[in-house]
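**Student:** Here it is, the structure, as structure tokens.
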Amino acid sequence: MTALTLSTSAAPGLRADAIVIGVAKGAQGPVVAPGAEAVDKAYDGKLAGLLETLGASGAEGELTKLPAPAGFKAPLVVAVGLGAGPADADADTDAGYDAEVLRKAAGVAARALTGTRKAAFALPVDGPGALGAIGEGVLLGAYSFDTYKDTAQDGGKAKTKARNGKAPLAEATLLGGKPRDAAHKGAIARATAVAEELNRARDLINMPPNDLTPAAFAQIAQTAAKEHGLKVQVLDDKALVKGGYGGILGVGGGSAATPRLVKLTYKHPKADKHLAFVGKGITYDSGGISLKPAGHNETMKCDMSGAAAVFAAVVSAARLGLEVNVTGWLALAENMPSGSAVRPGDVLRMYSGKTVEVLNTDAEGRLVLADALWAASQENPDAIVDVATLTGAMMLALGSRTFGVMANDDAFRATVHEAAEEVGEPAWPMPLPEHLRKGMESSVADIANMGERWGGGLVAGLFLREFVGEGITWAHLDIAGPAFNEGGPFGYTPKGGTGTAVRTLVRLAELTAAGDLG
């Protein structure tokens, strides 16, 4: 992974392969952003005009490369657009740029510098928050998943070829950051921990399902738990039968790859608050007997994105040493059609004791989550947050870059939404209309796993609410849209698994540790 360092050196004398600067979109054309004053001076104060001649406007995500001026030790200057800026970009102001703007700009530049050994980032820095955002953007933007690509020999060792045979940016030096300043070092340490775990979640999402079975995912969790001092418990198929986890067993019953329920526990000796995170971990979703139509199967390895997010968030909390207890529940199964698969019309007895009539086997995520939610509820945490690529209906409602937030408490829903927006993960609060509950009534069971067609994402949320313990605050994140990017990369978001919701969960843990969860 890309190494982050801090430096107070001036850009001209820094040994690097490229200098990254910010350019804002001003009313009269591009404006060189704070942090790049020395670079602009080396161009005799004419850098903005030169960039405009090259077609740059300062629009967000825009990237322009130009030769470095005489006297620079770096041969290349990379100008990345910041958009309109914090205020009037033409004004002389010290107002800080939004963290997400800096995060995206750093990500765009890091991605463009694939194959580069070292780059210096001279983006606007007005404190540790800006440094953390830039560092996070660099690490997330430089991400590449190349495990299954051809390898080349390098000094007798297999070396994975990255994008077009080029390795990701090796080192990023953030100018304006003070190496001995505790707050600055802390911001980079946080950015590194969260980004590394988020990228691990991306790796899991991108892994092919023949390698990432429920058992393999559980083994990865066990290895990480040992590395970071977490307690881990894995229930295999036999333990699930003994415990009565009918939802997980029903969904996983059609596959030769048997299901698992993984419990990851992080405890801080001074913590008095407890959060539970529950993740949907369908390592491959064929739809089961209710088989998905052609064209809808190819990316269904991503249906474990919720479990990947939960896993990464718990490990992040441990690495950051947050003063809060966090338990992660990974409900892992493969949904396949076979002679032993659950059928439409079957009735499952869930871990909670409730019975569910299965009307559609492709509505399987809510079944595994139901068992995990009830298991989490038995520990009576202060709040439960579940994360799942649950419904196509949520994508119809919010598109491919925004996830929905539902909750049994309006204030908590607002807190989760605000936390998501704060860390740069677009989200939107969604209701749980009581009239939709009637559509899940069953003549043979306590509830059916399907209801009205319209508002399907809300119906799924109402179903999950049935399996949350009484009096426990709960929120549901439906990340079906942003979990897997089938288009081209943008900002710091790659093609493929995105790791969405990891940063939201980490932020919730931080708020809880600080006593600000609400």
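**Student:** Could you let me know the centre-to-centre spacing of region 1-51 and region 102-145, using Cα atoms, in angstrom?
**Tutor:** Cα centroid of region 1-51 versus Cα centroid of region 102-145: 14 Å apart.
**Student:** In nanometres, what is the gap between the two model label sites at LYS46 and LYS270, each 7 Å from Cα along Cα-to-Cβ?
**Tutor:** Distance between label points: 5.8 nm.
**Student:** Next question, about the same structure. Can you check what the net charge comes to around ALA99, using other residues whose Cβ is under 13 Å from the Cβ of ALA99 (Lys, Arg +1; Asp, Glu -1)?
**Tutor:** Taking every other residue near ALA99 into account, the sum is -2.
**Student:** Ok, one more. Could you check the spin-label model distance between ASP236 and GLU422? Points 7 Å from the Cα along Cα→Cβ, value in nm.
**Tutor:** Calculated label separation equals 4.2 nm.
**Student:** In addition: Work out how much length GLU171 to THR8 would gain on full extension: take 0.36 nm times their residue separation and subtract the Cα-Cα distance, in nm to one decimal.
**Tutor:** 57.1 nm
**Student:** Under 10 Å from the Cβ of TRP374, count the other residues' Cβ atoms, weight Lys and Arg +1, Asp and Glu -1, and hand me the total. Mind showing how you got there, number by number?
**Tutor:** Details: positive: LYS354; negative: ASP371, GLU466.
With Lys, Arg at +1 and Asp, Glu at -1, the neighbours total -1.
**Student:** Another question, if that's okay. Please compute the modelled spin-label separation between GLU196 and GLU37, points set 7 Å along Cα→Cβ, answer in nm with one decimal.
**Tutor:** 3.5
**Student:** When the chain is fully extended, how far beyond the present Cα-Cα distance does ALA59 get from ASP410, taking 0.36 nm per residue of separation?
**Tutor:** 122.7 nm
**Student:** Still on this structure, please answer the following. So for each of 307-318, 27-38 I average, over its residues, the number of other beta carbons within 10 Å; can you give me the resulting order with the highest mean first?
**Tutor:** With the highest mean Cβ count within 10 Å placed first, the list reads 307-318, 27-38.
**Student:** Would you work out if region 447-518 is rounded, prolate or oblate? Take a ≥ b ≥ c from the square roots of the eigenvalues of the alpha-carbon gyration tensor; rounded if a/c is under 1.5, else prolate when a/b is larger than b/c, oblate otherwise.
**Tutor:** oblate
**Student:** For ARG190, ARG401, give the ranking by accessible area with the largest first, probe 1.4 Å.
**Tutor:** Putting ARG190, ARG401 in descending order of accessible area: ARG401, ARG190.
**Student:** Okay, moving on. Grab the other residues whose beta carbon is less than 14 angstrom from that of ILE384, score K and R as +1, D and E as -1, and report the net.
**Tutor:** Net local charge, ILE384 excluded: -2.
**Student:** Would you rank ARG319, ARG202, ARG437 by solvent-accessible area, highest first, keeping every protein chain in place and using a 1.4 Å probe?
**Tutor:** Heavy-atom accessible area, descending, gives ARG319, ARG437, ARG202.
**Student:** Can you give the FRET efficiency to the nearest 0.05 for HIS435 and ALA183, using r as the Cβ-Cβ distance and R₀ = 56 Å? Let's see the in-between values first.
**Tutor:** Values: r = 51 Å, r/R0 = 0.90.
Using R0 = 56 Å, I get an efficiency of 0.65.
**Student:** OK, next. Considering only DSSP states other than H, G, I, E and B, which GluC sites (Glu not before Pro) in region 426-486 qualify as loop sites with at most 15 other Cβ atoms within 10 Å?
**Tutor:** Qualifying residues, ordered by number: GLU441, GLU452, GLU470, GLU486.
**Student:** State, as an integer percentage, the relative contact order of region 382-518 based on alpha-carbon contacts under 8 Å between residues 6 or more apart.
**Tutor:** Normalised by residue count, the contact order of region 382-518 is 37 percent.
**Student:** Of the listed pairs LYS104/LYS495; LYS226/LYS267; LYS178/LYS270; LYS65/LYS149, which have alpha-carbon separations greater than 19 Å here?
**Tutor:** As for pairs spanning more than 19 Å Cα to Cα, those are LYS178/LYS270; LYS65/LYS149.
**Student:** Shape call for region 173-325 from the C-alpha gyration tensor, a ≥ b ≥ c root eigenvalues: rounded (a/c under 1.5), prolate (a/b greater than b/c) or oblate?
**Tutor:** Numbers: a/c = 3.00, a/b = 1.65, b/c = 1.81.
Taking the square roots of the gyration eigenvalues as a ≥ b ≥ c, region 173-325 is oblate.
**Student:** Further question: Which entry in (1) 38, 27, 23; (2) 44, 23, 21; (3) 39, 32, 19 matches semi-axes √(5λ) of the Cα gyration tensor in Å derived from the coordinates of this structure?
**Tutor:** Label (2) holds the value from this structure.
The values are calculated or read from the model by the stated rules, or taken from the named source; none is laboratory data. Since the structure is predicted, the reported quantities are computational estimates derived from the model, not experimental observations. When we count neighbours, we look across all protein chains shown, and the Cβ atoms used for this are built from the backbone with ideal geometry, even at glycine. Ligands, DNA and RNA are stripped out before the accessible areas are found, and what is left, the full protein with its side chains, is counted by its heavy atoms. Shrake-Rupley method; radii C 1.70, N 1.55, O 1.52, S 1.80 Å.
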